[in-house]
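Trainee: Below are the structure tokens for one structure; questions will follow.
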Amino acid sequence: MPEIIAIKSIFKDAKYRIPIYQREYAWTTKEITQLLSDLCSKVKANSNDKYYLGTLVVYNETKGEQVIDGQQRLTTLYILLCYLAQTNKINYSKNFRSDTLSFDTRPDSIKTLQAIHSGNSDDMFNASLRSAYNIIKNSLKQYCDEYNITISEFSDYLLNQTLLLKVEVPPDTDLNHYFEIMNVRGEQLEKHEVLKSRLMSSLDDEVDRELFTLIWDGASDMNRYLQMFFQRTTKKSTNLRKLVFGKDGNSMPKSYEELYSLFEKATEIDNEETDELSIEDIITGNIEKFREDDNKQQELEKLTSVINFPNFLLHVLKIMTNDKTVVLDDKQLLEQFERIYKPKPDDEQSQFSKDFIFALFKIKFLYDKYIIRNLDLGDTTQWVLRKQIHKFEKNKSYHYNATFGDDDAEKKNHKRVVMLQSMFHVSFPTRIYKHWLCGTLKFLCEHWDAYDEELDAVTFTDFLEQMSDAFFYDRNQPVPVEYDDILFENDCKAQNENVIDKTWRSGVDTANFIFNRLDYLLWYFSSYEKKVFQNIGLGSFLDDFQFGFRTSVEHFYPQQPRNGQPANYDIDRFGNLCLISQNNNSRFSNDLPEAKKANYQKSSRSVESLKMELMWNEAENWGDEYIVEKHEEKMKEILLTTCLLYTSDAADERSSV
């Protein structure tokens, strides 16, 4: 009989075997962080609700149970429970042995699971399993912080409220055939598709419905520009793309009614003229529908959005309604929308659908033009910020320009916009609560509505640096200011001028954003305002520096030195900390700073952190408390300096216009 089992009991007195015909452990950051996010979301929503994690299908054997389906999830739970037992933040002890879970004829995997059970990182030979352990180790606290829950609350919910359905297959089952059947998954309707259907159900007018569908389907592809989904022809009267987005594709209607009128006009003329097409029209291409350049399409496919469509819908809802209580969690997509539009009468529901689809149209247009994307270059990636310039003459298409870059000053500020946005993005990598993105989109909407004009780079840069100040000063207070209050009550303007002392003594719990903000300021004051902090000490590689995903806060002077004495100072102080990537985490280990420098620089000379570059310069003397204190004081001074002080002339000039 199927049995519902709490996670606290799933391994107790059990012995699971992963057969050889199943693939190796394959979960990556995406799947593991999704699991952590789902659990944190449930704790935050209502910690008394049960959470059904899925099905575990097993075949009973003499010495245990063979896992037929669910091994990826089961293995992740094993690693997660082992890590929870090792952290000193909760009171939890494992109730299972190291051989509770094993893999057939895979000795490295077996040894790695045993090492994970004991917490011995030196014996974690299997790369996938070791990576999963490190992802959990470096991500769990971050997710708990973002959902404002404790690790103890997370652990309690996982152990007691999270359930698996355990199913035992009959003894005479053909296991190989059963395994193949279990891995064939049917398609399910996604939540955003359900939401689309519900919002459209209130629209009776056919043109409304067609326009809604066009915008929704265009916006849902977050990696492509919205203009591309609006039909282009070589005939002016039916060139919907030009009618809607203007002569170069970079303007848009001011209201839903205007957009509706343009859409209706183009489609009516298109239908009339299509009925009257002659053979000559078709041959000469008088009403030719334009075929996009395949090379440009391939380039588009290399661009990756910083957010997915369901989360983007919630950002649009929050900004459109100016409702700071909207939760940016795509698992609550339907609930967040329903609580706003469902109580409305039928006619108001129809208006809500129109208002929302126009807000989606406007914000996706602004997103495409003013928000960074990641460009896949094969071996490397690059942050890009580009707009599409459209040519509507026959046999001409479109090209990309930097969003800002008409002159040298704009080009410099374009780089600052890219650096600031990438700084925010890598600091808050999870999609569910990208507060910086919500604040930025809100600013873009308000600026467009107020001025109905192109945004200049200086104005945009000032806003992003202002938001950086607010996140830094107002979040590092005895009672941190809520992000929603920063965005919706304070207009992203800092309400404080200093931070609490704990900011500099939080050890590995120091927020990633603080390190990334510091790196941005080091880059800025070394590249632009060089006179403010003379002789910072950074070299010519500044032009090549870009932000990457670094999630591991490490001690430069180790807690337990491999070949040396413990430090004579507090190693948790900010000066002794650095933020590095998962890939470079293993190179730090417990070596002394000079050995770390040798190992790191031998394997890679890509610049991962500007703060760390300054630390390399003093690696041989890092045991000296004076050197560490001097470095820390300089970093604190820079962190507490706002770039807005050095762009005030430009700000004053704008305010006087």
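Trainee: Which condition from (1) of a type in the set (S, T, N, Q); (2) crowded, with 18+ Cβ neighbours inside 10 Å; (3) at pLDDT below 90; (4) under 24 Å from residue 578 (Cβ atoms) is the one that residue 121 breaks?
Mentor: For residue 121, the exception is condition (2).
Trainee: May I pose another question? If a residue has to be without any contact (Cβ under 8 Å) to a residue 12 or more places away in the chain and open to solvent by less than 60 Å² (accessible area, probe 1.4 Å) to count, how many in the stretch 479-510 make the cut?
Mentor: Going through the stretch 479-510 one residue at a time, the tally reaches 1.
Trainee: Considering only residues of the stretch 326-342 that are touching a residue at least 12 places away in the same chain (Cβ under 8 Å) and part of a loop (DSSP other than H, G, I, E, B), which is most open to solvent (accessible area, probe 1.4 Å)?
Mentor: 327
Trainee: Still on this model: Among the residues that make up the stretch 99-112, is at least one of them closer than 30 Å to residue 3 by Cα, basic (Lys, Arg) and without any contact (Cβ under 8 Å) to a residue 40 or more places away in the chain?
Mentor: no
Trainee: Kindly state which strands (runs of 3 or more DSSP E) lie completely within the stretch 352-450 and contain at least 1 residues that are within 19 Å of residue 303 (Cβ to Cβ) and touching a Phe, Trp or Tyr at 6+ places or on another chain (Cβ under 8 Å). Spell out the reasoning first.
Mentor: On the way: elements: 373-376, 381-384, 386-390, 398-402.
Per the criteria, 373-376, 381-384, 386-390.
Trainee: Then there's this: Give the residues of the stretch 133-151 that are part of a helix (DSSP H, G or I) and either open to solvent by 50 Å² or more (accessible area, probe 1.4 Å) or touching an Asp or Glu at 6+ places or on another chain (Cβ under 9 Å) (or both), sorted by residue number.
Mentor: Just the residues of the stretch 133-151 that are part of a helix (DSSP H, G or I), to begin with: 133-146, 151.
Passing the criteria: 137, 141, 144, 145.
Trainee: Would you point out the residue of the stretch 4-46, among those that are of a type in the set (Ser, Thr, Tyr) and surrounded by fewer than 19 Cβ atoms within 10 Å (Cβ to Cβ), that is nearest to residue 92 (Cα to Cα)?
Mentor: First pass over the stretch 4-46, keeping only residues of a type in the set (Ser, Thr, Tyr): 9, 16, 21, 25, 28-29, 33, 37, 41.
Checking which are surrounded by fewer than 19 Cβ atoms within 10 Å (Cβ to Cβ) leaves us with 9, 21, 28-29.
On the way: 9: 13, 21: 34, 28: 26, 29: 25 Å.
Of everything passing the filter in the stretch 4-46, 9 is nearest to residue 92 (Cα to Cα).
Trainee: When only residues in the stretch 98-110 that are modelled with pLDDT under 90 and touching a Lys or Arg at 6+ places or on another chain (Cβ under 9 Å) count, which is surrounded by the most Cβ atoms within 10 Å (Cβ to Cβ)?
Mentor: So, considering only residues that are modelled with pLDDT under 90 and touching a Lys or Arg at 6+ places or on another chain (Cβ under 9 Å), the one surrounded by the most Cβ atoms within 10 Å (Cβ to Cβ) is 103.
Trainee: I've got another one for you. Go through the residues of the stretch 93-109 one by one and say whether even a single one is over 26 Å from residue 513 (Cβ atoms) and β-branched (Val, Ile, Thr).
Mentor: yes
Trainee: Just need a number here: residues in the stretch 26-74 that are touching a residue at least 12 places away in the same chain (Cβ under 8 Å), outside any helix (DSSP H, G or I) and β-branched (Val, Ile, Thr).
Mentor: Number of matching residues: 6.
Trainee: Are any of the residues in the stretch 448-469 farther than 28 Å from residue 256 by Cα, out of contact with any His (no Cβ under 8 Å at 6 or more places or on another chain) and free of Cβ contacts under 8 Å to residues at least 24 places away in the same chain?
Mentor: No, the stretch 448-469 has no match at all.
Trainee: Sticking with this structure for a sec: When the residues of the stretch 436-452 are narrowed to those that are surrounded by fewer than 20 Cβ atoms within 10 Å (Cβ to Cβ) and not charged (D, E, K, R), which ends up nearest to the chain's Cα centre (by Cα)?
Mentor: Here the residue is 445.
Trainee: Here is a further query. Do we have any residue at all in the stretch 75-86 that's open to solvent by 70 Å² or more (accessible area, probe 1.4 Å) and not in a strand (DSSP E or B)?
Mentor: no
Trainee: Can you spot a residue in the stretch 398-419 that is touching a His at 6+ places or on another chain (Cβ under 8 Å), closer than 18 Å to residue 224 by Cβ and in contact (Cβ under 8 Å) with a residue 24 or more places away in the chain?
Mentor: yes
Trainee: Open to solvent by less than 10 Å² (accessible area, probe 1.4 Å) and among the β-branched types (Val, Ile, Thr): is that true of residue 384 in this structure?
Mentor: Here the answer is no, as residue 384 does not meet what is asked.
Trainee: Then there's this: Working carefully through the options 159, 164, 199, 113, find the one that is at pLDDT 90 or above, more than 24 Å from the chain's Cα centre (by Cα) and not in a helix (DSSP H, G or I).
Mentor: On inspection, the qualifying residue turns out to be 164.
Trainee: If a residue must be more than 24 Å from residue 384 (Cβ to Cβ) and either among the basic types (Lys, Arg) or part of a strand (DSSP E or B) (or both), how many such residues does the stretch 533-582 contain?
Mentor: Within the stretch 533-582, residues that are more than 24 Å from residue 384 (Cβ to Cβ) and either among the basic types (Lys, Arg) or part of a strand (DSSP E or B) (or both) number 9.
The values are calculated or read from the model by the stated rules, or taken from the named source; none is laboratory data. This structure is a prediction, so every number in the text was calculated from the model and none was measured. Note: ideal-geometry Cβ built from the backbone for every residue, glycine included; neighbour counts use all protein chains shown. Please note that ligands, DNA and RNA were not included when accessible areas were found on the heavy atoms of the full protein model with its side chains. Shrake-Rupley method; radii C 1.70, N 1.55, O 1.52, S 1.80 Å.
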